[in-house]
Amino acid sequence: MSPSKIPATTDSLFQASEAKTPAEAISILYGILEDPSSSSEALRIKEQAITNLSDLLRQEGRAQDLQNLLTKLRPFFSLIPKAKTAKIVRVVVDAVAKIPGTSDLQIALCKEIVQWTRAEKRTFLRQRIEARLAALLMENKEYVEALNLLSGLIKEVRRLDDKLLLVEIDLLESKLHFSLRNLPKAKAALTAARTAANAIYVPPAQQGTIDLQSGILHAEEKDYKTAYSYFFEAFEAFNALEDPQAIYSLKYMLLCKIMVNQADDVAGIISSPKVGLQYQGPELDAMKAIADAHSKRSLKLFEIALQNFRTQLDEDPIVHRHLSSLYDTLLEQNLCRLIEPFSRVEIAHIAELIELPAHHVEKKLSQMILDKKFAGTLDQGAGCLIIFDDPKTDAIYPATLETIANMEKVVDSLYARSAKIMA
């Protein structure tokens, strides 16, 4: 049943704000939108009604109604300037994005808007919605479709020289290539984003995102000190804006400290006045547990931390990748230290000493032997590890190779001289 028409006046907006239930307020706001009046005052009231209605539908979790609202508003968009249309569309799309579990609906909504903007030739709005769509596809791990969409969009935006949108798209492309493990292209896209950002004023939130991505790429190249600087800059920007991404910047700062063997600094950073009570929670508790395990060189504490904070550590791909590397290094160091006094030792005994399952220890030892971390072999029948003495390198082989190389140079020189004489 369609709502009855209500005059688009300030009193009607006040009536909606004073409504006893959200359903009543939503009905009144829908009624305001049904008013056929197209005076400048009526249009202004309707714009405000759309904003209020979007907020109420978001609070009620009615994502499908928000999608239908955009379709319903298309005749109204022909009465207002294109800039205001773009603003209203973004308000509604943002409202849908704030409702949990609506990623598929958001993708469908963005595709629908893109089709409409193409038909209406609203290029400015279409480009921004396509950028949002590419980000949603990336979050949904539909990387190929996102990359195809971005490649065409980048060429178009570069021709128009829209620097602010270009920064956003280049940054998105960098994240996309990083997700695909293509570091050279991720770095190239980030450099392009920085170049475009240097030519214009970039909002602090966008600058913080650029610094965060820079830190992630430097951490991937094991340059943890530079990565820490970028994460700190990102944290400063997000902290000032009270942006939720601040906690992730702080988390990655602590990760960098752990990776450069400065785990003792983690507790100091967490207890500093700038961090305070605002960011205390499972994210920081997880990093504190890892720092404690690293300081004590305890694999058991490391395993416990990974089990207790699985969401914060294992499900964060950036932290997970670096902690896997750190865990392997710690495990190798501990195993090398334990097997050093032995020439033959039971695997079960090593597993008992290191407090890890025997099959896990056996797998790691076989990997270390193949990687030539030490000389030895596994006797699986007896369940033993046999360690060989480090073979002494015979100096005669490198000396012989050097002599042959020198003789080759002499022969080449004599050949060149004889060729000149013959000529």
What do you reckon, is LEU125 assigned to a helix (DSSP H, G or I), under 21 Å from LEU66 (Cα atoms) and either out of contact with any strand residue (DSSP E or B) (no Cβ under 8 Å at 6 or more places or on another chain) or modelled with pLDDT under 90 (or both)? yes
Go through segment 57-76 and give me each residue that's buried (at least 16 other Cβ atoms within 10 Å of the Cβ), touching a residue at least 24 places away in the same chain (Cβ under 8 Å) and in a helix (DSSP H, G or I). LEU57, ARG58, ALA63, LEU66, GLN67, LEU70, PHE76
Here's a check for you: in segment 157-211, which residue that is part of a loop (DSSP other than H, G, I, E, B) and under 19 Å from ARG128 (Cα atoms) is most open to solvent (accessible area, probe 1.4 Å)? TYR201
Selected residue (criterion: modelled with the highest pLDDT) from residues of segment 324-378 that are outside any helix (DSSP H, G or I), open to solvent by 30 Å² or more (accessible area, probe 1.4 Å) and within 25 Å of GLN307 (Cα to Cα): PRO357
Residue selected from segment 123-145 under the condition more than 19 Å from VAL96 (Cβ to Cβ) and not polar (S, T, N, Q), by the criterion most open to solvent (accessible area, probe 1.4 Å): LYS141
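Considering only residues that are in a loop (DSSP other than H, G, I, E, B) and touching a Leu at 6+ places or on another chain (Cβ under 8 Å), which ones fall in segment 240-269? Let's see the steps before the verdict.
Of the residues in segment 240-269, the ones in a loop (DSSP other than H, G, I, E, B) are 242-245, 260-264.
Residue satisfying the conditions is GLN245 alone.
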Just to be sure before I move on: is ALA219 in contact (Cβ under 8 Å) with a residue 24 or more places away in the chain, assigned to a helix (DSSP H, G or I), open to solvent by less than 20 Å² (accessible area, probe 1.4 Å) and over 21 Å from LEU326 (Cα atoms) in the structure I sent? no
Selection from segment 222-247 of residues that are surrounded by 20 or more Cβ atoms within 10 Å (Cβ to Cβ), within 22 Å of LEU183 (Cβ to Cβ) and out of contact with any Asp or Glu (no Cβ under 7 Å at 6 or more places or on another chain): TYR224, ALA227, TYR228, PHE231
Which numbered condition VAL275 misses (of (1) in contact with a Lys or Arg (Cβ under 9 Å, 6 or more places away or on another chain); (2) of a type in the set (A, V, I, L, M); (3) not in a helix (DSSP H, G or I)): (1)
Over segment 88-109, the set of residues touching a Lys or Arg at 6+ places or on another chain (Cβ under 6 Å) and crowded, with 21+ Cβ neighbours inside 10 Å is ALA95
Given SER229, SER214, which one is part of a helix (DSSP H, G or I), at pLDDT 90 or above and farther than 18 Å from LYS175 by Cβ? SER229
Residues within segment 300-309 that are of a type outside the set (A, V, I, L, M), outside any loop (DSSP other than H, G, I, E, B) and surrounded by 12 or more Cβ atoms within 10 Å (Cβ to Cβ), tallied: 4
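Going by the conditions given, is ASP285 over 24 Å from GLN367 (Cβ atoms), assigned to a helix (DSSP H, G or I) and of a type outside the set (S, T, N, Q)?
Spelling it out, ASP285 is indeed over 24 Å from GLN367 (Cβ atoms), assigned to a helix (DSSP H, G or I) and of a type outside the set (S, T, N, Q).
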Members of segment 263-294 found to be over 20 Å from PHE238 (Cβ atoms) and open to solvent by less than 60 Å² (accessible area, probe 1.4 Å), listed by number: ALA263, ALA267, GLY268, ALA289, ILE290, ALA291, ALA293, HIS294
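The values are calculated or read from the model by the stated rules, or taken from the named source; none is laboratory data. These numbers come from a predicted model, not from an experiment. Please note: Cβ atoms are built from the backbone with ideal geometry, for glycine as well, and neighbour counts cover all protein chains shown. Note: accessible area is taken over every heavy atom of the protein model, side chains too, but ligands, DNA and RNA are not part of it. Shrake-Rupley method; radii C 1.70, N 1.55, O 1.52, S 1.80 Å.
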